[in-house]
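Participant: I am attaching a structure below and will ask some questions about it afterwards.
The values are calculated or read from the model by the stated rules, or taken from the named source; none is laboratory data. This structure is a prediction, so every number in the text was calculated from the model and none was measured. Here the Cβ is made from the backbone with ideal geometry for all residues, glycine too, and neighbour counts use every protein chain on show. The protein model used for the area step is the full one, side chains on, heavy atoms only, and it has no ligands, DNA or RNA in it. Shrake-Rupley method; radii C 1.70, N 1.55, O 1.52, S 1.80 Å.
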Amino acid sequence: MTHPVLPGHPHLHYHDQALQLEGLRLADLAREFGTPLYVYSQAAMLDALGAYQRGFAGRKVQICYAMKANSSLAVLQLFARHGCGFDIVSAGELQRVIAAGGDPAKVIFSGVGKTRAEMRQALEVGIGCFNVESEAELEVLSEVAQSMGLRAPISIRVNPNVDAKTHPYISTGLKGNKFGIAHERTVATYQRAAALPGLRVVGIDCHIGSQITEESPYLDAMDRMLDLVQAIEAAGIAVHHIDFGGGLGIDYNGDTPPRADALWAKLLAKLDARGYGDRQLMIEPGRSLVGNAGVCLTEVLYLKPGEQKNFCIVDAAMNDLPRPAMYQAYHAIVPLQATAPTAVSHVYDVVGPICESGDWIGRDRNLAVAAGDMLAVLSAGAYCSSMGSTYNTRPRPAEVLVDGARAHLIRTRESVNDIFRSEKLVPQGNP
Ligand SMILES: *Cc1c(COP(=O)(O)O)cnc(C)c1O
């Protein structure tokens, strides 16, 4: 019998009690590659991309995958092959795009703290657009481009001041956070940009937050963006493209974000109604393309019953799955071998081995488990591997990309030597 685990994970299901991703048993992958292990479904990533592509059929749009969500080279390669550009936030990410075979002309460079060296590197490879986040950055970018005899293509990230109704750490479109240029300063900033010799104004952009599960913040932001485009163009500056950022949420725990195609049907209707329907569009989705395509497999090391809490100690930790510690985020946790309905379960806090009370992966979870059992932490495709660290000198997990019945090892497990390769002891001379 086959049944899906969560509506948000269409390629994850139990088959004869064993959890499978596409055509492969996850327990087999855990045995072959060890744990903790990230496993991604290629079909799930392409389905998620397909929802955007369907939504934009017949329109001028460039989808720029926000690669900080998951920047593993094979993931970038997959999206590049399917026509995506990339939204980057560092020169390191730019190097990853190039290593994965992506086209720098389809790259947009976001972030509030680009260095001169990063600007230079991006200009050298012919980057598509800089999303500039402050007036000071405009001046510096103009200088750098001019010194290279170039004009940097720019859009200005504006802050539409809408409440994305998400966690404060991932809400970015309100006054009082560090991103973008205030709504009221927009026209003046565009006038300054148009006057600078090293810049070429090509667009406007915004990004209002992340894990957004309602459509109203997007519709409000679109109205505000179009008001700004109108005002900028009334001042005589052409805005060739509108970049609407990313932020669409996924189903972590019964969340019901709009589907990309349904959301964009409404946004495109708004663009049409206001006469901007044939404008070049860009979007920067991250989480919604990869989040529910991935799981993290982990082994139960110990059960530790307590007076107030029972702990289920596993071999994955906050360095592999940082979202619970950072945002109190929820990841569903399910066994790789389905348990009988009659099995005795207990309520556990699922925690890792790291020496921090913040090192938890799930709280108050009802599980029928024993030491040695394998669990899957769901929705681990976005902001897990890419945010991971080696804290406690824990090597980074391996990563596997599943395509039907084939498993591709796309990252080998890091070794402890890899971790301290760049470190040096202090030479001990004679006293
Ligand atoms: C992080 C980020 C994104 C992607 O956000 P998601 O919520 O993962 O879709 C897009 N644009 C910018 C500028 C970002 O910083």
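Participant: Could you run the Karplus curve 6.51 cos²θ - 1.76 cosθ + 1.60 with θ = phi - 60° over the range 391-404 and give me ³J(HN,Hα) per residue in whole Hz, x for Gly and Pro?
Facilitator: Per-residue couplings from phi come out as 3, 6, 6, 9, x, 5, x, 6, 10, 10, 9, 8, 10, x Hz.
Participant: Using R₀ = 56 Å, calculate the FRET efficiency as 1/(1 + (r/R₀)^6) where r is the Cβ-Cβ separation of ARG274 and GLN95; round to 0.05. Can you show the working numbers first?
Facilitator: Values: r = 39 Å, r/R0 = 0.70.
FRET efficiency, ARG274 to GLN95: 0.90.
Participant: Let me check I've understood the local charge: for GLY291, count other residues with C-beta under 13 angstrom from its C-beta, Lys and Arg +1, Asp and Glu -1. What total comes out?
Facilitator: 0
Participant: Here is a follow-up. Going from most exposed to least, what order do PHE109, PHE33 have by accessible area with a 1.4 Å probe?
Facilitator: PHE33, PHE109
Participant: Would you calculate the volume per residue, in Å³, of the smallest convex hull containing every Cα atom of the chain?
Facilitator: It comes to 179 Å³ per residue, whole-number rounded.
Participant: Then there's this: In the full protein assembly as shown, how much of THR342 is accessible to a 1.4 Å probe, in Å² to the nearest 10?
Facilitator: 120 Å²
Participant: Right, something else. Positive end of the dipole of the chain, charges at C-beta (+1 Lys, Arg; -1 Asp, Glu), about the Cα centre: which of PRO7, GLY92, ALA260 has its Cα farthest in that direction?
Facilitator: Ranked along the dipole, the leading option is GLY92.
Participant: Next up: Please arrange HIS241, HIS346 by accessible surface area, largest first, computed with a 1.4 Å probe and ligands excluded.
Facilitator: Solvent-accessible surface, decreasing: HIS346, HIS241.
Participant: Can you give me the relative contact order of the chain as a percent, contacts being Cα pairs under 8 Å and 6 or more apart?
Facilitator: Taking the mean separation of contacting Cα pairs over the length of the chain, I get 19 percent.
Participant: Give the long-range amide H neighbours of ARG200: residues separated by 5 or more places, or on another chain, with amide H under 5 Å away, using H modelled in the peptide plane at 1.01 Å from N.
Facilitator: ALA152, ILE154
Participant: For SER147, put the label point 7 Å out on the Cα→Cβ axis and report which residues of the range 84-122 keep their amide N under 14 Å from it.
Facilitator: Residues 115-122 qualify, since their backbone N sits under 14 Å from the label point.
Participant: Any chance you could run the full-extension gain for ARG116 through GLU307? It's 0.36 nm times the residue separation minus the Cα-Cα distance, nm to one decimal.
Facilitator: 63.1 nm
Participant: Tell me which residues come under 5 Å, amide H to amide H, from HIS15 once H is placed; ignore anything under 5 positions away on its chain.
Facilitator: GLN20
Participant: Next question. How do ARG279, ARG406, ARG224 rank by accessible surface area computed with a 1.4 Å probe, from largest to smallest? Walk me through the numbers before you get to the answer.
Facilitator: Details: ARG279 45, ARG406 140, ARG224 85 Å².
Highest to lowest solvent-accessible surface, that is ARG406, ARG224, ARG279.
Participant: Within the chain, what is the longest stretch that has no GluC sites (Glu not before Pro) placed in a DSSP loop and near at most 10 other beta-carbon atoms within 10 Å? Write out the running numbers ahead of the final one.
Facilitator: Working: sites that count: GLU307, GLU423.
That gives 1-306 as the longest site-free run.
Participant: Rounded to the nearest 20 debye, what is the charge dipole size of the range 110-285 about its Cα centre when +1 sits on each Lys and Arg Cβ and -1 on each Asp and Glu Cβ?
Facilitator: That gives the range 110-285 a dipole magnitude of about 360 debye.
Participant: Would you work out which of GLY362, THR339, ALA317 lies farthest towards the positive end of the dipole of the range 313-366, given +1 charges on the beta-carbon of Lys and Arg and -1 on that of Asp and Glu, about the Cα centre?
Facilitator: About the Cα centre, the residue reaching furthest to the positive side is THR339.
Participant: Can I ask one more? Among ILE283, VAL158, SER210, which residue has its Cα furthest toward the positive end of the charge dipole of the range 110-285, with +1 on Lys/Arg Cβ and -1 on Asp/Glu Cβ?
Facilitator: Result: VAL158.
Participant: Let me ask another. For every other residue with a beta carbon closer than 10 angstrom to the beta carbon of PHE244, add +1 if it is Lys or Arg and -1 if Asp or Glu, then tell me the sum.
Facilitator: -3
Participant: Here's a follow-up. Label point 7 Å out from ASN253 along Cα-to-Cβ: which residues of the range 312-334 have amide N under 20 Å?
Facilitator: Of the residues in the range 312-334, 312-314, 316-334 have backbone N under 20 Å from the label point off ASN253.
Participant: Could you give the size of the charge dipole of the chain about its Cα centre, using +1 on the Cβ of each K and R and -1 on the Cβ of each D and E, expressed in debye and rounded to the nearest 20?
Facilitator: The calculation lands at about 560 debye.
Participant: Sticking with this one: Any chance you could check the Cα centroid distance between the range 96-129 and the range 181-238 for me, in angstrom?
Facilitator: Between the Cα centres of the range 96-129 and the range 181-238 lies a distance of 21 Å.
Participant: If you add up the charges near LEU150, with Lys and Arg at +1 and Asp and Glu at -1, over every other residue whose beta carbon is less than 11 angstrom from its beta carbon, what do you get?
Facilitator: +2
Participant: Leaving out ligands, DNA and RNA but keeping every protein chain, what accessible area does ASP418 have, in Å² rounded to the nearest 10, with a 1.4 Å probe?
Facilitator: Ignoring ligands and nucleic acids, ASP418 comes out at about 60 Å².
Participant: Between LYS424 and ARG200, what is the spin-label point distance in nm, taking each point 7 Å from the Cα along the Cα→C-beta axis?
Facilitator: The modelled label-to-label distance comes out at 4.4 nm.
Participant: With every protein chain in place, what's the accessible area of ILE361 (1.4 Å probe, Å², nearest 10)?
Facilitator: Number for this one is 0 Å².
Participant: I'd like the FRET efficiency for ASP47 and ALA18, computed as 1/(1 + (r/R0)^6) with the beta carbon distance as r and R0 of 30 Å, rounded to 0.05. Numbers along the way, then the final one.
Facilitator: Details: r = 22 Å, r/R0 = 0.75.
According to the calculation, E is roughly 0.85.
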